[in-house]
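Take a look at the structure set out below.
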There are 2 protein chains.
Amino acid sequence: MITMLSNDTRGAVAPALPGAGRLRPLGLDEVTITGGFWAERQHVNATATIDHCDAWEQRVGWIDNFRAAAAGTVAQSRTGREFSDSDVYKLVEAMAWEVARTGDPRLDARIEELAQLFESVQEPDGYLSTKYGRPGQEPRYSDLAWGHELYCYGHLIQAAVARLRSGRHDTLVRVALRAADHVCEAFGPQGIASVCGHAEIEVALVELYRATGQERYLEQARLFVERRGTGTLPDIEFGRSYYQDDVPVREATVLRGHAVRAMYLTAGVVDLAVESADDELLEIARRQFATTLARRTYLTGGMGSHHQDEAFGDDFELPPDRSYCETCAGVGAVMVAWRLALATGDLAYGDVVERTLYNVVATSPAADGRSFFYTNPLHKRVPGQEAAADEVSPRALSRLRAPWFEVSCCPTNVARTFASLAGYVATTDGAGVQLHQLVPCRVDTRVDGGAVRLEVETRYPQDGDVVVRVLEAPDGPWELSLRVPAWAQGATLDGAPVARVARATDLRAGQEVRLTLPVGVRTTLPDERIDAVRGCVAFERGPVVLCLESTDLPTGLEVDDVELVPRSVVEDSGRGARVRMRAVAHADAAWPYGGAADDAAGAVPVVPDATARAVAPRGEDLAVELVPYHSWANRGPSTMRIWIPAG
Amino acid sequence: MITMLSNDTRGAVAPALPGAGRLRPLGLDEVTITGGFWAERQHVNATATIDHCDAWEQRVGWIDNFRAAAAGTVAQSRTGREFSDSDVYKLVEAMAWEVARTGDPRLDARIEELAQLFESVQEPDGYLSTKYGRPGQEPRYSDLAWGHELYCYGHLIQAAVARLRSGRHDTLVRVALRAADHVCEAFGPQGIASVCGHAEIEVALVELYRATGQERYLEQARLFVERRGTGTLPDIEFGRSYYQDDVPVREATVLRGHAVRAMYLTAGVVDLAVESADDELLEIARRQFATTLARRTYLTGGMGSHHQDEAFGDDFELPPDRSYCETCAGVGAVMVAWRLALATGDLAYGDVVERTLYNVVATSPAADGRSFFYTNPLHKRVPGQEAAADEVSPRALSRLRAPWFEVSCCPTNVARTFASLAGYVATTDGAGVQLHQLVPCRVDTRVDGGAVRLEVETRYPQDGDVVVRVLEAPDGPWELSLRVPAWAQGATLDGAPVARVARATDLRAGQEVRLTLPVGVRTTLPDERIDAVRGCVAFERGPVVLCLESTDLPTGLEVDDVELVPRSVVEDSGRGARVRMRAVAHADAAWPYGGAADDAAGAVPVVPDATARAVAPRGEDLAVELVPYHSWANRGPSTMRIWIPAG
């Protein structure tokens, strides 16, 4: 199923760049996002978030750890968790994509400054860590389960790949190549026969192979993928499934354990399969991800229902009030879905990318880009406390968005994703161009027949019109494809019905096509096996999941005090929805379980039907606004829910 | 509201023995359980569980830790968690109640043997721990948040109190008194002004005060209670609420944080309030517990919905598939409810004791008393794996009942509760006798007017007849009271309707009364705010919560594949229930969320009502047995659920 592309793809500025597969992604040098929802996020990211992260990493000492390591004092002074080096590398990756996007010379200089710091810490054999190996520290690789050394290299390498793809062969690249060579020595066929407790090195090594052509990196990634699941890591309370070491990758049928680990691993597995022309492995990863989407994913695209181990639960174990949905798992799901789209050519993966970007990744940062959600619950029963602007928060849910965390993987993950977002918009298969994300943008690329330049104009997802104007096109045959989301029943291209993919052939310069999507609000019901949302309805508007926020209820009512009026009409509000609700008079009994209201003493018990309720009385009808979930908690502490009981 | 009792209660063999309050508990010397459900558990406990625990504590080295400590080698050889000493003390407490119950000389000798071991470790100033204070170990009290030193003393002291109440003043008592004196020195007004991260010392010190009359123990308990919530422990990821150090006890309105910690603390608070005639504090504890029952307790009486921190969730955050319901939290809830019954005279607390004993504490041990559940979920989606007979399990849910755990607090907690169970059955207020638990038993006590001897005959909860025969009674006025459970609508005493309490006055020797309770199966609906069970029904039979176990479904069906037939008749089966169910044809779509079946493209969206569903087709009707929840997973791996969807 894997075909080599005819055109050489080396050099394109893209966050993932397979050497094979159905589709070649267009890079940041070929796609520019020109406006709308995502351009706004890119602007806030560039002007606020990246500097915010840099300032915090200085403040909490994670950058100083490198200085102290170079000075020989880090064993005494080190701050942060065992993986804090990785957050500095992810910051550098975000900067690298931002430089690729805008050429910002200040960030370019900052990357070099930080890279020289890394270089000053790197040992002669390429080993690089502020946490291990010095007098007063634990030895190198003494704790593969939790030490995160290979995980940290992975992020260093991904940052270096961003530089290589931007045409830089700088200090950062040299440091990363030495680290990668060291990994191949230390963990190669003659080395330590184990894996890192947190997958990440796998995807990074394949990408480094792509960016350099050095086969040894691909072979090392293969070793890591094939070793995982063979029990080389210790058993732990959460089980080896926590780090996907319970079952060999080729034998697993679904993703499980720590959600971020599972996503990073799977991104690496897809990359390895593609570069190895291993169709069997690709199909395995495709199925694992498909089953995960069908049974273990929240409506938002969020993944992970266990707080204890930040992990997937069993199939359909998806309680909204205990949803975890780590922001980084969302970033990882985008990485996996995009890679599968490129490998298989199936534009439907764009639905997953879109859902996760709008409803997980975009939910994390506040409007000002200076505070973040680590977890993204679908139901908040008690208003979170405002986090102080100078407070380092635990990852827990008790706070609103926080400026920084003790485990602060999410802010820099959002930053690197937003900076490289143009790399997830469009592809070419040689014969044509595919638009996976419907964003206002300019596309400037080549297909087999010649140059293609496009301009996409749209207010999507606010309205459903997407106009693609052809500025330049080949004279011969070529095809423009646009993803039509699965929910878009009744979509049209220039008035003709389309489903899943809208195609236009042989457009010429000056022509345009208009895709029209029914983005108006719609009702959504859950699979009956998701117990926690039985009898509830959710509302979506285009790709945007809506929520009820207490801010939009009359004073004194929280989101758990109301229900929808059954059979009432739902109005689209242009941004969210307007629904009819009514307050519920709660029983407030000493014991919250009782007989059905019509249960008489001595009567033969009869199963009540699904509409039976312990209390009957209701309040008056209210008209209530539902707002985009990604915007919640930007107006102060509130309660919130996505799934709303239908009375 | 607190009245001193007229009769001197010192000396009675009871697991809690207030010096004040409305009711005096009858001890193991006054009540003997003679048959039925609980006598069976006591028999298995005596003949299997206690020896099982002793053998495992030897096997995993927790008893050897004391030997090594005495020999000076423990810093090198110590096994188990920081609180493993406490599990040895709880085993001794179980043995002590068993000796009190049966006089077993073998256990009596074993207690002395272990106590001499403890004595050999105890330091001259009374400090006693195998974990801290020696060369190569962390210093004493260097980690109050997690070190559990005071928690361990608490269990040592409770074991000693059991001996004192059985009339023994032995080595164990001497060791415990020296430890208690040391605590008063080290943490007194001039000592360390903090508390233990795990409450337990509080209730133990008040009980030791009761057993010895030494005021200093009561005063030390008061210091600990008043210090808690003042932030003397560090802030942690779970928040200070984890160890109830977030809010002073007198300012808290509900129990929160780690459920076992919360229960042990509250037991101590009630005891302190009672001994101090502090009606305000008693009322505070009463309200906290009432709110916890009304909003944070599962149908089984189980407490705790967070796995991460073994903690209570927010109000109504009670998802069955993520329920934790630690066995020890059930033991703690019994301790609190019983103390509140004694303090307030309200027999309704017996409902909580009964519910929790039948549905949490009795669920933990297997029928053979040699394996245990640590957590007691209300819904199991995937069959647990059988734990190997020689395996030390993590506390996690992935296993069926296990012989032993890395954190093995539950087995010995069950053992000490079962051994002392007769102490939770009956009380006197001087004017009469109150029967809180309806068990076959003999009662031999005194009221103000003279001796009372009773014989209770019943097959309850299998059937609802409870006959109390008077063997001896005063000539003058006295009153017999029997708790009537809240669910027992239509109960009668000798044919006359009774509710909540059934009273008979001035019975004479030879007379009998017959309480008749409608124990037949009944349907139960949840408060609407418990989202996770909306549209579901539970079934109870008397005090016993029933469940659907896949073992009772046709081959190939799991519990999540069926639903109840609405408006079908529920039959009582004498032990459980027989209900009509039908298989549900699941959608198995690529994405588990979709539009309502009647949702047409382009139509104005309308809120579906509560009966709307994504898939319609159903299978044929099945007759299915529901069984007592406490008996589940005794027939091999299975799926299970208590709350069942009503179609």
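The values are calculated or read from the model by the stated rules, or taken from the named source; none is laboratory data. This is a predicted model, so every value here is computed, not measured. So basically every Cβ, Gly included, is an ideal-geometry build from the backbone, and we count neighbours across all protein chains shown. We work out accessible area using only protein heavy atoms, side chains counted, and drop any ligands, DNA or RNA first. Shrake-Rupley method; radii C 1.70, N 1.55, O 1.52, S 1.80 Å.
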Inset, instruction - Provide Rg over Rh for the range B:521-645; use the alpha carbon set for both Rg and the Kirkwood Rh (inverse mean inverse pair distance). - result: 1.02
Legend entry - Distance histogram for the range A:287-343 (every C-alpha pair counted, 5 angstrom bins, percent rounded to whole numbers): 4, 21, 31, 24, 13, 5, 2, 0
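With +1 on the Cβ of every Lys and Arg and -1 on the Cβ of every Asp and Glu, and nothing else charged, how large is the dipole of the range B:521-645 about its Cα centre, in debye rounded to the nearest 20?
About 340 debye.
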Legend entry - 3J(HN,Hα) from dihedral phi, the range B:526-542, Karplus parametrisation 6.51/-1.76/1.60, rounded to Hz, x for glycine, proline: x, 4, 5, 7, 7, 3, 5, 10, 4, x, 10, 10, 10, 10, 10, 10, x
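Go ahead and run the numbers for FRET between B:Asp104 and B:Arg514, Cβ-Cβ distance against an R0 of 35 Å, rounding to 0.05. Please list the in-between numbers first.
Working: r = 35 Å, r/R0 = 1.01.
Efficiency, from the Cβ-Cβ distance: 0.50.
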Legend entry - Over the range A:243-424, relative contact order from alpha-carbon pairs under 8 Å, at least 6 apart, %: 18
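Using helices alone, I'd like the mean residue ellipticity at 222 nm for the protein assembly as shown: each DSSP H run of four-plus residues gives -39500 (n - 2.57), total over residue count, nearest 500. Can you show the working numbers first?
Numbers: 30 runs with 394 residues, N = 1294.
My calculation for the protein assembly as shown gives -9500 deg cm²/dmol from helical runs alone.
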Inset, instruction - Compute the acute angle (0 to 90°) between the alpha-carbon long axis of helix A:327-344 and the principal axis of greatest extent of the alpha-carbon atoms of chain A; round to the nearest 10°. - result: 70
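Rounded to the nearest whole Å², what accessible area per residue is found for the protein assembly as shown with the 1.4 Å probe?
Values: 41210 Å² over 1294 residues.
Heavy-atom SASA per residue in the protein assembly as shown reads 32 Å².
Using the alpha carbon gyration tensor of the range B:317-455, what are the three equivalent-ellipsoid semi-axes (square root of 5 times each eigenvalue), largest first, in whole Å? Before the final figure, lay out the partial values.
Details: eigenvalues 246, 52, 25 Å².
They are 35, 16, 11 Å, listed from largest to smallest.
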Inset, instruction - When you have a sec, figure out the Kirkwood radius of the range A:60-227 from all distinct Cα pair distances and drop it here in Å to one decimal? - result: 15.9
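Quick check of the Kirkwood formula: for the protein assembly as shown, what is the inverse mean of 1/r over all pairs of different Cα atoms, in Å?
Numbers: mean 1/r = 0.0303 Å⁻¹.
Across the protein assembly as shown, the inverse of the average 1/r is 33.0 Å.
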Legend entry - Per-residue ³J(HN,Hα) for the range A:486-503, Karplus 6.51 cos²θ - 1.76 cosθ + 1.60, θ = phi - 60°, Hz, x for Gly and Pro: 4, 6, 7, 5, x, 5, 9, 10, 6, x, 8, x, 9, 9, 6, 9, 9, 10
Legend entry - Length-normalised contact order of the range B:521-645 in % [C-alpha pairs under 8 Å, at least 6 apart]: 37
Legend entry - Label-point gap, in nm, between B:Ala389 and A:Gln190 - each point 7 angstrom along Cα→Cβ: 4.9
Legend entry - Summed buried accessible surface, chains B and A, 1.4 Å probe, nearest 100 Å²: 7100
Inset, instruction - Enter the accessible area of B:Leu177 (Å², nearest 10), with the probe set to 1.4 Å and all protein chains included. - result: 40
Inset, instruction - Return the residues of the range A:313-342 for which accessible area with all protein chains present is lower than in the chain on its own by 40 Å² or more; set the probe to 1.4 Å and exclude ligands, DNA and RNA. - result: A:Asp314, A:Glu317, A:Asp321, A:Arg322
Inset, instruction - Rank B:Ala509, B:Leu400, B:Ser323 by how far each Cα sits towards the positive end of the charge dipole of chain B (+1 on Lys, Arg Cβ; -1 on Asp, Glu Cβ) and give me just the farthest. - result: B:Ala509
Legend entry - 19 Å reach of a label modelled at A:Ala367, 7 Å along Cα-to-Cβ, counting backbone N of the range A:620-640: A:625-640
Inset, instruction - Taking the dipole about the Cα centre of the range A:60-227, with the C-beta of Lys and Arg at +1 and of Asp and Glu at -1, give me whichever of A:Trp97, A:Gly154, A:Pro135 is farthest to the positive side. - result: A:Trp97
Inset, instruction - With a 1.4 Å probe on protein heavy atoms only, tell me which residues of the range A:361-409 lose at least 40 Å² of accessible surface in the complex relative to the chain by itself. - result: A:Arg381, A:Arg395
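First obtain the Kirkwood hydrodynamic radius of chain A from its Cα pairs, then insert it into the Stokes-Einstein equation at 25 °C and 0.890 mPa s, and state the resulting D in µm² per second as a whole number. Show your work: numbers first, answer last.
Working: Rh = 25.7 Å.
The diffusion coefficient I find is 96 µm²/s.
With only Lys, Arg, Asp and Glu charged, each at its Cβ (+1 for the first two, -1 for the last two), find how big the charge dipole of the protein assembly as shown is about the Cα centre; round to the nearest 20 debye.
Details: 132 positive and 180 negative charges, 100 e Å.
About 480 debye.
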Legend entry - Sequence-distant lysines (8 or more away, or on other chains) whose Cα lies within less than 27 Å of A:Lys380: B:Lys380
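Mind checking the dipole of the range A:101-255: about its Cα centre, +1 per Lys or Arg Cβ, -1 per Asp or Glu Cβ, Debye to the nearest 20?
On the way: 18 positive and 24 negative charges, 89 e Å.
My answer is approximately 420 debye.
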Legend entry - Cα-projected label distance for A:Trp146 with B:Asp279, points at 7 Å along beta-carbon direction, nm: 5.2
Legend entry - Ratio of Rg to Rh over the range B:264-383 (Cα coordinates, Kirkwood Rh, two decimals): 1.00
Inset, instruction - Nearest 5 is fine: what % of DSSP beta bridges in the protein assembly as shown come out antiparallel, could you say? - result: 90
Legend entry - Average Cα contact separation per residue, chain A, under 8 Å, 6 or more apart, as relative contact order %: 13
Legend entry - Alpha-carbon centroids, the range B:239-263 and the range B:265-326: separation in whole Å: 9
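Of the heavy-atom accessible surface of the range B:521-645 (probe 1.4 angstrom), what whole percent is carbon and sulfur?
Values: 2280 of 4450 Å².
Solvent-exposed carbon and sulfur of the range B:521-645 make up 51 percent of the total.
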Legend entry - Centroid-to-centroid separation of the range A:354-429 and the range A:513-575 [C-alpha atoms, Å]: 22
Inset, instruction - Mind listing, in residue-number order, the residues in the range B:541-576 that have at least 20 Å² less accessible area with every protein chain present than in their own chain alone (1.4 Å probe)? - result: B:Arg567, B:Ser568, B:Val569, B:Val570
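Measure off, as a whole percent, the carbon and sulfur share of the 1.4 Å-probe accessible area of the range B:24-424, all protein chains present. The partial results should precede the final answer.
On the way: 5440 of 11250 Å².
Within the range B:24-424, the accessible surface is 48 percent carbon and sulfur.
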Inset, instruction - For peptide B:534-540, compute the average count of partner chain beta-carbon atoms within 10 Å of each residue's beta-carbon. - result: 6
Inset, instruction - Check the straight Cα-Cα distances from A:Lys90 and name the aspartates and glutamates below 14 Å, setting aside those fewer than 8 residues away within the same chain. - result: A:Asp51, A:Asp54, A:Glu57, A:Glu98, A:Glu200
Inset, instruction - Using the charge dipole of the protein assembly as shown (Lys, Arg: +1 at Cβ; Asp, Glu: -1 at Cβ; taken about the Cα centre), state which of A:Ser420, B:Leu233, B:Tyr349 has its Cα farthest towards the positive end. - result: B:Tyr349
